[in-house]
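Single-structure report; data block below.
The values are calculated or read from the model by the stated rules, or taken from the named source; none is laboratory data. Keep in mind the model is a prediction, meaning the values are calculated, not measured. Cβ placement follows ideal geometry from the backbone for every residue including glycine, while neighbour counts extend to all protein chains displayed. With ligands, DNA and RNA removed, areas are computed over all heavy atoms of the protein, side chains included. Shrake-Rupley method; radii C 1.70, N 1.55, O 1.52, S 1.80 Å.
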Amino acid sequence: MAWENQSFNSEFILLGIFDHSPTHIFLFCLVLSIFTVAFMGNTVMVLLIYLDTQLHIPMYLFLSQLSLMDLMLICTTVPKMAFNYLSGRKSISFAGCGTQMFLFVSLLGSECFLLAAMAYDRYIAICHPLRYSVLMSQKICCLMAVPSWIIGLLDGVIVIAVALSFPYCGAREIPHFFCDVPALLTLSCTNTLLFERLMFICCVIMLLFPVAVIIASYAHVILAVIRMRSGEGRSRAFATCSSHLMVVGMYYGAAMFIYMRPVSDRSPTEDRMVSAFYTILTPMLNPIIYSLRNKEVYRAFIKVLRKGKSGEKIA
(Lines give C-alpha, C1' and ligand atoms only; values in the text may rest on other atoms or scores of the structure.)
Protein backbone atom coordinates (compact mmCIF):
# COMPACT_ATOMS: atom_id res chain seq x y z
CA MET A 1 0.00 0.00 0.00
CA ALA A 2 0.98 3.61 -0.48
CA TRP A 3 1.01 4.04 3.29
CA GLU A 4 4.32 2.19 3.30
CA ASN A 5 5.83 4.83 1.00
CA GLN A 6 4.71 7.73 3.22
CA SER A 7 6.78 8.88 6.15
CA PHE A 8 5.35 10.67 9.15
CA ASN A 9 8.59 12.67 9.20
CA SER A 10 8.03 13.93 5.65
CA GLU A 11 6.56 17.38 5.11
CA PHE A 12 4.25 19.32 2.83
CA ILE A 13 4.59 22.99 2.01
CA LEU A 14 1.59 25.27 2.60
CA LEU A 15 1.88 28.13 0.13
CA GLY A 16 -0.60 30.23 2.14
CA ILE A 17 -2.49 33.33 1.00
CA PHE A 18 -0.33 36.20 2.24
CA ASP A 19 3.05 37.63 1.33
CA HIS A 20 4.85 40.48 3.11
CA SER A 21 3.52 43.35 1.04
CA PRO A 22 1.77 46.19 2.97
CA THR A 23 -1.64 45.14 1.65
CA HIS A 24 -1.19 41.51 2.70
CA ILE A 25 0.17 42.53 6.11
CA PHE A 26 -3.03 44.52 6.63
CA LEU A 27 -5.15 41.55 5.50
CA PHE A 28 -3.24 39.22 7.81
CA CYS A 29 -3.91 41.56 10.77
CA LEU A 30 -7.58 41.64 9.72
CA VAL A 31 -7.72 37.84 9.73
CA LEU A 32 -6.19 37.76 13.22
CA SER A 33 -8.80 40.28 14.38
CA ILE A 34 -11.60 38.16 12.91
CA PHE A 35 -10.11 35.07 14.55
CA THR A 36 -10.03 36.83 17.93
CA VAL A 37 -13.67 37.94 17.64
CA ALA A 38 -14.74 34.45 16.50
CA PHE A 39 -12.77 32.75 19.28
CA MET A 40 -14.17 35.02 22.00
CA GLY A 41 -17.74 35.07 20.62
CA ASN A 42 -18.05 31.29 20.32
CA THR A 43 -16.34 30.69 23.67
CA VAL A 44 -18.76 33.10 25.37
CA MET A 45 -21.72 31.33 23.76
CA VAL A 46 -20.61 27.88 24.93
CA LEU A 47 -19.94 29.12 28.49
CA LEU A 48 -23.17 31.12 28.76
CA ILE A 49 -25.36 28.24 27.69
CA TYR A 50 -23.48 25.88 30.00
CA LEU A 51 -23.72 28.22 33.03
CA ASP A 52 -27.33 29.45 32.66
CA THR A 53 -29.84 26.68 33.34
CA GLN A 54 -32.62 28.73 31.73
CA LEU A 55 -30.84 28.24 28.40
CA HIS A 56 -30.84 24.44 28.76
CA ILE A 57 -33.51 24.00 26.10
CA PRO A 58 -33.07 22.38 22.66
CA MET A 59 -32.66 25.63 20.71
CA TYR A 60 -29.76 26.83 22.86
CA LEU A 61 -28.25 23.38 23.28
CA PHE A 62 -28.01 23.23 19.48
CA LEU A 63 -26.51 26.73 19.47
CA SER A 64 -23.88 25.67 21.99
CA GLN A 65 -22.90 22.76 19.75
CA LEU A 66 -22.75 25.07 16.72
CA SER A 67 -20.49 27.48 18.63
CA LEU A 68 -18.27 24.61 19.77
CA MET A 69 -17.93 23.33 16.20
CA ASP A 70 -17.13 26.82 14.90
CA LEU A 71 -14.58 27.30 17.67
CA MET A 72 -12.82 24.04 16.81
CA LEU A 73 -13.06 24.75 13.07
CA ILE A 74 -11.34 28.12 13.20
CA CYS A 75 -8.69 26.79 15.62
CA THR A 76 -7.93 23.98 13.15
CA THR A 77 -6.75 26.33 10.39
CA VAL A 78 -5.90 29.87 11.52
CA PRO A 79 -3.27 29.26 14.25
CA LYS A 80 -1.12 27.12 11.93
CA MET A 81 -1.49 29.66 9.12
CA ALA A 82 -0.50 32.51 11.46
CA PHE A 83 2.47 30.57 12.86
CA ASN A 84 3.78 29.79 9.37
CA TYR A 85 3.41 33.40 8.26
CA LEU A 86 5.07 34.92 11.32
CA SER A 87 7.89 32.36 11.51
CA GLY A 88 8.61 32.36 7.78
CA ARG A 89 8.20 28.58 7.67
CA LYS A 90 5.62 27.07 5.38
CA SER A 91 6.00 23.40 6.23
CA ILE A 92 3.53 21.02 7.83
CA SER A 93 4.31 17.41 8.69
CA PHE A 94 2.54 14.48 7.07
CA ALA A 95 0.91 13.63 10.42
CA GLY A 96 0.00 17.28 11.02
CA CYS A 97 -1.55 17.55 7.57
CA GLY A 98 -3.59 14.39 8.14
CA THR A 99 -4.77 15.63 11.55
CA GLN A 100 -5.77 19.00 10.12
CA MET A 101 -7.71 17.38 7.28
CA PHE A 102 -9.44 14.93 9.62
CA LEU A 103 -10.60 17.65 12.00
CA PHE A 104 -11.68 19.94 9.19
CA VAL A 105 -13.69 17.31 7.27
CA SER A 106 -15.25 15.95 10.48
CA LEU A 107 -16.33 19.38 11.73
CA LEU A 108 -17.62 20.37 8.31
CA GLY A 109 -19.80 17.26 8.11
CA SER A 110 -20.98 17.55 11.71
CA GLU A 111 -22.05 21.16 11.24
CA CYS A 112 -24.01 20.29 8.10
CA PHE A 113 -26.21 17.83 10.00
CA LEU A 114 -26.44 20.05 13.07
CA LEU A 115 -27.83 22.92 10.96
CA ALA A 116 -30.46 20.51 9.62
CA ALA A 117 -31.38 19.50 13.19
CA MET A 118 -31.69 23.18 14.11
CA ALA A 119 -34.03 23.77 11.16
CA TYR A 120 -36.22 20.87 12.33
CA ASP A 121 -36.22 22.37 15.84
CA ARG A 122 -37.52 25.69 14.44
CA TYR A 123 -40.17 23.79 12.46
CA ILE A 124 -41.48 22.09 15.61
CA ALA A 125 -41.33 25.33 17.64
CA ILE A 126 -43.34 27.34 15.10
CA CYS A 127 -45.64 24.74 13.53
CA HIS A 128 -46.32 22.62 16.66
CA PRO A 129 -45.71 24.94 19.65
CA LEU A 130 -48.09 23.13 22.01
CA ARG A 131 -46.29 19.82 21.47
CA TYR A 132 -42.78 21.30 21.46
CA SER A 133 -41.77 20.07 24.91
CA VAL A 134 -42.78 16.52 23.94
CA LEU A 135 -41.43 16.42 20.38
CA MET A 136 -38.18 18.21 21.28
CA SER A 137 -37.29 16.95 24.74
CA GLN A 138 -33.68 17.05 25.93
CA LYS A 139 -33.37 13.34 25.18
CA ILE A 140 -34.52 13.82 21.59
CA CYS A 141 -32.27 16.85 21.29
CA CYS A 142 -29.27 14.72 22.31
CA LEU A 143 -30.35 11.97 19.91
CA MET A 144 -30.16 14.56 17.11
CA ALA A 145 -26.94 16.35 18.20
CA VAL A 146 -24.80 13.28 19.00
CA PRO A 147 -25.34 11.58 15.60
CA SER A 148 -24.26 14.84 13.94
CA TRP A 149 -20.85 14.46 15.60
CA ILE A 150 -20.69 10.73 14.85
CA ILE A 151 -21.57 11.14 11.15
CA GLY A 152 -18.98 13.88 10.81
CA LEU A 153 -16.29 11.74 12.44
CA LEU A 154 -17.11 8.77 10.20
CA ASP A 155 -16.91 11.01 7.14
CA GLY A 156 -13.54 12.31 8.33
CA VAL A 157 -12.17 8.81 8.91
CA ILE A 158 -13.25 7.56 5.46
CA VAL A 159 -12.00 10.59 3.53
CA ILE A 160 -8.65 10.82 5.31
CA ALA A 161 -7.97 7.08 5.19
CA VAL A 162 -8.31 7.18 1.41
CA ALA A 163 -6.66 10.58 0.83
CA LEU A 164 -3.53 9.70 2.79
CA SER A 165 -3.20 6.33 1.04
CA PHE A 166 -2.15 8.04 -2.21
CA PRO A 167 1.54 8.61 -2.92
CA TYR A 168 2.51 12.29 -3.10
CA CYS A 169 5.56 13.45 -4.98
CA GLY A 170 7.18 16.44 -6.64
CA ALA A 171 7.58 19.69 -4.72
CA ARG A 172 4.73 18.66 -2.35
CA GLU A 173 3.52 22.28 -2.34
CA ILE A 174 -0.13 22.61 -1.35
CA PRO A 175 -1.70 25.69 -3.02
CA HIS A 176 -3.69 26.57 0.10
CA PHE A 177 -3.33 27.97 3.62
CA PHE A 178 -4.32 24.64 5.23
CA CYS A 179 -4.40 20.96 4.27
CA ASP A 180 -7.65 20.76 2.32
CA VAL A 181 -8.43 17.48 0.58
CA PRO A 182 -9.06 18.86 -2.95
CA ALA A 183 -5.85 20.90 -2.81
CA LEU A 184 -3.85 17.90 -1.62
CA LEU A 185 -5.16 15.69 -4.43
CA THR A 186 -3.45 17.92 -7.01
CA LEU A 187 -0.10 16.63 -5.68
CA SER A 188 -0.89 12.94 -6.05
CA CYS A 189 1.31 10.87 -8.37
CA THR A 190 -1.60 8.58 -9.23
CA ASN A 191 -5.05 8.94 -10.77
CA THR A 192 -7.52 10.11 -8.11
CA LEU A 193 -10.66 10.10 -10.28
CA LEU A 194 -12.30 7.24 -8.36
CA PHE A 195 -11.71 9.03 -5.05
CA GLU A 196 -13.09 12.27 -6.50
CA ARG A 197 -16.28 10.41 -7.34
CA LEU A 198 -16.37 9.00 -3.82
CA MET A 199 -15.99 12.52 -2.45
CA PHE A 200 -18.83 13.73 -4.67
CA ILE A 201 -21.11 10.99 -3.31
CA CYS A 202 -20.12 11.92 0.24
CA CYS A 203 -20.90 15.56 -0.53
CA VAL A 204 -24.33 14.63 -1.85
CA ILE A 205 -25.04 12.86 1.44
CA MET A 206 -23.33 15.37 3.72
CA LEU A 207 -24.55 18.54 1.99
CA LEU A 208 -27.62 17.94 -0.16
CA PHE A 209 -29.49 15.68 2.29
CA PRO A 210 -29.33 18.24 5.14
CA VAL A 211 -30.23 21.01 2.68
CA ALA A 212 -33.34 19.02 1.68
CA VAL A 213 -34.34 18.72 5.36
CA ILE A 214 -33.79 22.46 5.85
CA ILE A 215 -35.82 23.40 2.76
CA ALA A 216 -38.69 21.11 3.77
CA SER A 217 -38.67 22.45 7.36
CA TYR A 218 -38.68 26.10 6.32
CA ALA A 219 -41.32 25.57 3.64
CA HIS A 220 -43.68 24.50 6.43
CA VAL A 221 -42.41 27.30 8.69
CA ILE A 222 -43.05 30.01 6.08
CA LEU A 223 -46.59 28.74 5.48
CA ALA A 224 -47.23 28.70 9.23
CA VAL A 225 -45.85 32.22 9.68
CA ILE A 226 -47.98 33.60 6.84
CA ARG A 227 -51.10 32.19 8.55
CA MET A 228 -50.27 33.85 11.88
CA ARG A 229 -52.74 36.55 12.90
CA SER A 230 -50.36 38.31 15.26
CA GLY A 231 -48.01 40.75 13.54
CA GLU A 232 -45.59 40.57 16.48
CA GLY A 233 -45.55 36.78 16.31
CA ARG A 234 -44.83 36.91 12.59
CA SER A 235 -41.93 39.34 13.02
CA ARG A 236 -40.38 37.26 15.82
CA ALA A 237 -40.68 34.06 13.81
CA PHE A 238 -39.19 35.67 10.71
CA ALA A 239 -36.33 37.16 12.76
CA THR A 240 -35.40 33.76 14.18
CA CYS A 241 -35.70 31.95 10.85
CA SER A 242 -33.90 34.63 8.81
CA SER A 243 -30.85 34.33 11.09
CA HIS A 244 -30.72 30.58 10.58
CA LEU A 245 -31.24 30.84 6.82
CA MET A 246 -28.47 33.43 6.59
CA VAL A 247 -26.03 31.05 8.29
CA VAL A 248 -27.22 28.13 6.13
CA GLY A 249 -26.84 30.11 2.91
CA MET A 250 -23.30 31.22 3.67
CA TYR A 251 -22.13 27.87 4.96
CA TYR A 252 -23.67 25.48 2.44
CA GLY A 253 -23.10 27.76 -0.54
CA ALA A 254 -19.37 28.00 0.08
CA ALA A 255 -19.04 24.29 0.94
CA MET A 256 -20.83 23.21 -2.24
CA PHE A 257 -18.65 25.52 -4.32
CA ILE A 258 -15.49 23.92 -2.90
CA TYR A 259 -16.38 20.24 -2.69
CA MET A 260 -18.87 19.58 -5.48
CA ARG A 261 -16.64 20.55 -8.40
CA PRO A 262 -14.11 18.28 -10.12
CA VAL A 263 -10.44 18.94 -9.34
CA SER A 264 -9.78 19.79 -13.00
CA ASP A 265 -12.16 22.78 -12.82
CA ARG A 266 -10.62 24.29 -9.70
CA SER A 267 -8.73 27.55 -9.36
CA PRO A 268 -6.35 27.67 -6.35
CA THR A 269 -7.02 31.40 -5.89
CA GLU A 270 -10.80 30.94 -5.89
CA ASP A 271 -10.57 27.97 -3.52
CA ARG A 272 -8.43 29.92 -1.06
CA MET A 273 -10.76 32.91 -1.08
CA VAL A 274 -13.96 30.88 -0.65
CA SER A 275 -12.34 28.65 2.00
CA ALA A 276 -11.23 31.73 3.93
CA PHE A 277 -14.84 32.93 3.85
CA TYR A 278 -16.44 29.90 5.45
CA THR A 279 -13.54 28.78 7.66
CA ILE A 280 -12.66 32.21 9.08
CA LEU A 281 -15.48 34.71 8.48
CA THR A 282 -18.52 32.48 9.04
CA PRO A 283 -17.43 31.31 12.55
CA MET A 284 -17.19 35.00 13.49
CA LEU A 285 -20.58 35.91 12.03
CA ASN A 286 -22.49 33.00 13.58
CA PRO A 287 -22.40 34.29 17.20
CA ILE A 288 -23.26 37.81 16.02
CA ILE A 289 -26.18 37.17 13.67
CA TYR A 290 -27.43 33.99 15.29
CA SER A 291 -26.81 34.14 19.02
CA LEU A 292 -25.45 37.23 20.72
CA ARG A 293 -28.28 39.47 19.46
CA ASN A 294 -30.82 37.09 21.02
CA LYS A 295 -32.60 38.64 24.05
CA GLU A 296 -32.32 35.51 26.18
CA VAL A 297 -28.61 35.22 25.48
CA TYR A 298 -28.10 38.92 26.25
CA ARG A 299 -30.00 38.49 29.54
CA ALA A 300 -27.82 35.50 30.44
CA PHE A 301 -24.69 37.49 29.60
CA ILE A 302 -25.72 40.38 31.90
CA LYS A 303 -26.66 37.88 34.61
CA VAL A 304 -23.24 36.22 34.51
CA LEU A 305 -21.50 39.63 34.57
CA ARG A 306 -23.48 40.66 37.65
CA LYS A 307 -22.64 37.42 39.39
CA GLY A 308 -18.97 37.99 38.63
CA LYS A 309 -19.05 41.52 40.05
CA SER A 310 -20.90 40.42 43.20
CA GLY A 311 -18.38 37.60 43.62
CA GLU A 312 -15.50 40.08 43.48
CA LYS A 313 -17.15 42.26 46.12
CA ILE A 314 -17.76 39.32 48.41
CA ALA A 315 -14.18 38.17 47.98
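Structural remarks
- Extension gain, PHE257 to VAL274, is 5.3 nm, computed as 0.36 nm per intervening residue step minus the present C-alpha separation.
- With every protein chain in place, the chain: carbon and sulfur % of accessible area (1.4 Å): 69 percent
- For LEU15, the amide hydrogen comes within under 5 Å of the amide hydrogens of ILE174, HIS176, counting only partners 5 or more places away or on other chains and with H modelled in the peptide plane.
- Surface calculation, 1.4 Å probe, protein heavy atoms: GLU173 sits at approximately 80 Å² accessible.
- The relative contact order of the chain comes to 27 percent, based on Cα pairs under 8 Å that sit 6 or more residues apart.
- Taken as entire DSSP H runs, the helices of the chain that both span 18 Å or more between Cα atoms along their own long axis and average -1.0 or more on the Kyte-Doolittle scale are 22-51, 58-87, 94-127, 138-163, 209-227, 231-259, 295-314.
- 1.4 Å probe accessible area per residue over the chain, in Å²: 50 Å²
- Exposure rank, largest accessible area first [TYR85, TYR218; 1.4 Å]: TYR85, TYR218
- For the set ILE17, ILE74, solvent exposure ranked by accessible area (probe 1.4 Å, protein chains only) runs largest to smallest as ILE17, ILE74.
- Based on Cα contacts under 8 Å between residues 6+ apart, segment 25-173 shows a relative contact order of 26 percent.
- Here the alpha carbons of segment 133-186 define both size measures, Rg and Dmax, at 18.0, 59 Å.
- Of the whole protein surface, ARG197 contributes about 140 Å² of accessible area at a 1.4 Å probe radius.
- With the highest mean first, a sort of the peptides 180-187, 200-207 on other beta-carbon atoms found within 10 angstrom per residue produces 180-187, 200-207.
- Hull shadow area, averaged, the chain [alpha-carbon convex hull, nm²]: 19.9 nm²
- Accessible area per residue was computed with a 1.4 Å probe on protein heavy atoms; PHE26 scores about 130 Å².
- Cβ-Cβ FRET estimate between LEU135 and VAL211, R0 fixed at 25 Å, reported to 0.05: 0.65
- Kirkwood hydrodynamic radius of segment 85-226, from inverse mean 1/r over distinct Cα pairs, in Å: 17.4 Å
- Per-residue ellipticity at 222 nm computed for the chain from its helices equals -24000 deg cm²/dmol, with DSSP H segments shorter than 4 residues left out and the rest contributing -39,500 (n - 2.57).
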